[in-house]
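Chemist: Pasting a structure here, questions to come.
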Amino acid sequence: MIGRRHQVALALTALLAVGAACQNEGHGVAAAPLSAPPAAREFTLAASGDVVPHASVVERARFDARGGGYDFRPMFAGAEPALRGADLALCHLETAVTADGTGGTGTGGVLAPPQLADGLAGTGYDGCATASEHTLDDGTDGVRRTLAAMDRVGLRHAGTARTEGEGRSVTMYQAGPARVAHLSYTYGTGANGLPPGEPWAVNVVDAGRMISDARAARLAGADVVVVSVHWGTAWQDAPDGFQTALAERLTASRTNGRPDVDLILGTHTHVPQAYQKVNGTWVVYGLGDQVAGEMYNDRGVQDSRGNDSTLARFTFAPPSRPGTRWRVTRAEYVPQMYDLDAGRVVGLNQAIADGAELQGVRDRIRDVVLSRGAAADGLVMGD
């Protein structure tokens, strides 16, 4: 599915001009003219966690293709009900795709067949964050192949780039009445390091640059700025000090009294982490792995938490007065898991309603998600 059912993605390439309304050198913006938005109404954004195509995941997609290559659509079908009705749906693609159309192993980790992009687009995702420590597992060639595969199916991307110009651009979507900018960063690039002469290939966490980019996105016309961050300590339910400090700084940043960042979406830790309102802005510290194979924790023990995740869903309403932010009027988390035996994403609420004895998994996710007081700020479990 190349087009969204009720949302048109804009690929706004707003080149960031040096010094324009930004404090971080090399990150300004040349604002591009945009048509006037339609009459104001609410819009809903949905976002899910890491997609990690381990060998068993790729093998399941090959089985589901029934001899015709790889088909990831059945694997993600269980996420579709939670995405239905969203004006904008975002995912996180952890790895690069291969050159020969198969799954495989790169210089630093697992790779996916390019049909993974087809599966994500076919499920209803509009775009993905692509910055992670595995982005360069097959070098910059892997980055180029991955973005080309996404372009082919109309799946937008943020966090990685093929050229310096692309690296200085803002990924912008039209979500109902609102223009939504999506920015993506990673804590590091693993053992590979940034490629010599191509530091723009992957966005690495730097608070000053992130704030400058958010301000630049606002100048380019963004009503809502969403920042995806690949961060945190693997297998730790609670956010670590790096996460909380960065969340505090990003959410505290304001221009003319208006927050520069409207939502933070975290990935990387393999397990779900808390949702929390920080300085009035929702932060999802960790969405968990939406799709991954058998997961082994930091003690080398297979850990089912590595197949738990949440899908975050936020409904935004237009500003009450000009110059103020779009407000979150409904905040939801949808508990999910990846069933290793079936090779399927499972919506836990529906599975339990159908008789599956998965209340313990759902309760475990709920307890972590609400562990930093999100219920008092209105976060509810969604279907």
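Read-outs: derived from the displayed coordinates by stated rules, not from any lab. Keep in mind that this is a model prediction, so the values were computed, not measured. Note: ideal-geometry Cβ built from the backbone for every residue, glycine included; neighbour counts use all protein chains shown.
Chemist: Quick one: check the C-alpha center-to-center distance for the stretch 126-205 versus the stretch 232-300, whole angstrom.
Modeler: 19 Å
Chemist: Taking +1 at the Cβ of each Lys and Arg and -1 at the Cβ of each Asp and Glu, which of TYR187, PHE242, VAL278 sits farthest along the dipole of the stretch 44-381 towards its positive end, judged by Cα position relative to the Cα centre?
Modeler: The one lying farthest along the dipole's positive direction is VAL278.
Chemist: Would you please give the FRET efficiency between ASP141 and PHE63, computed as 1/(1 + (r/R0)^6) with r the Cβ-Cβ distance and R0 = 25 Å, to the nearest 0.05?
Modeler: Efficiency for this residue pair is about 0.30.
Chemist: Hey, another quick one. Taking a ≥ b ≥ c as the square roots of the Cα gyration tensor eigenvalues, with a/c under 1.5 meaning rounded and otherwise prolate when a/b beats b/c, else oblate, which class fits the chain?
Modeler: Taking the square roots of the gyration eigenvalues as a ≥ b ≥ c, the chain is rounded.
Chemist: Okay, moving on. Only Cα pairs under 8 Å and at least 6 apart count here; give the relative contact order of the stretch 44-381 as a rounded whole percent.
Modeler: 16 percent
Chemist: Now for a separate question. Under 15 Å from a point placed 7 Å out from the Cα of GLN236 along the Cα-to-Cβ direction: which residues of the stretch 296-312 have their backbone N that close?
Modeler: Backbone N within reach: 298-299.
Chemist: Take the chain, mark every one of the GluC sites (Glu not before Pro) that falls in a DSSP loop and has at most 14 other Cβ within 10 Å, then report the longest stretch left between them, sites excluded. Intermediate values should be presented prior to the final figure.
Modeler: Numbers: sites that count: GLU25, GLU294, GLU357.
Segment 26-293 is the longest.
Chemist: For the stretch 44-381, with the dipole built from +1 on Lys and Arg beta-carbon atoms and -1 on Asp and Glu ones, taken about the Cα centre, which of ALA117, GLY232, PRO319 lies farthest toward the positive end?
Modeler: PRO319
Chemist: Same structure again: Can you tell me the dipole magnitude for the stretch 44-381 around its Cα centre, using point charges on the Cβ only (Lys, Arg +1; Asp, Glu -1), in Debye to the nearest 20? Before the final figure, lay out the partial values.
Modeler: Details: 31 positive and 39 negative charges, 264 e Å.
Value, rounded to 20: 1260 debye.
Chemist: When a/c is below 1.5 the answer is rounded, else prolate if a/b is larger than b/c, else oblate, so apply that to the stretch 260-331 with a ≥ b ≥ c taken from the square roots of the Cα gyration tensor eigenvalues. Write down the numbers at each step before the final one.
Modeler: On the way: a/c = 4.28, a/b = 3.08, b/c = 1.39.
In terms of gyration-tensor shape, prolate.
Chemist: A follow-up question, please. Provide the FRET efficiency to the nearest 0.05 for the ARG41-THR324 pair, computing r from the beta carbons and using R0 = 30 Å.
Modeler: On the way: r = 17 Å, r/R0 = 0.56.
E(calc), rounded to 0.05, equals 0.95.
Chemist: Excluding GLU94 itself, calculate the net charge of residues whose Cβ lies under 11 Å from the Cβ of GLU94, where each Lys or Arg counts +1 and each Asp or Glu counts -1.
Modeler: -4
Chemist: Now, a different point. Modelling each spin label as a point 7 Å along the Cα-to-Cβ direction, I'd like the GLU166/ARG84 distance in nm, to one decimal.
Modeler: With each label placed 7 Å out from Cα toward Cβ, I get 3.5 nm.
Chemist: To one decimal place, what orientation-averaged projected area in nm² is obtained for the convex hull of the Cα set of the stretch 101-194?
Modeler: Averaged projected hull area, Cα only: 6.3 nm².
Chemist: Would you work out which of SER253, ALA61, ASN307 lies farthest towards the positive end of the dipole of the chain? Charges go on Cβ: Lys and Arg +1, Asp and Glu -1.
Modeler: SER253
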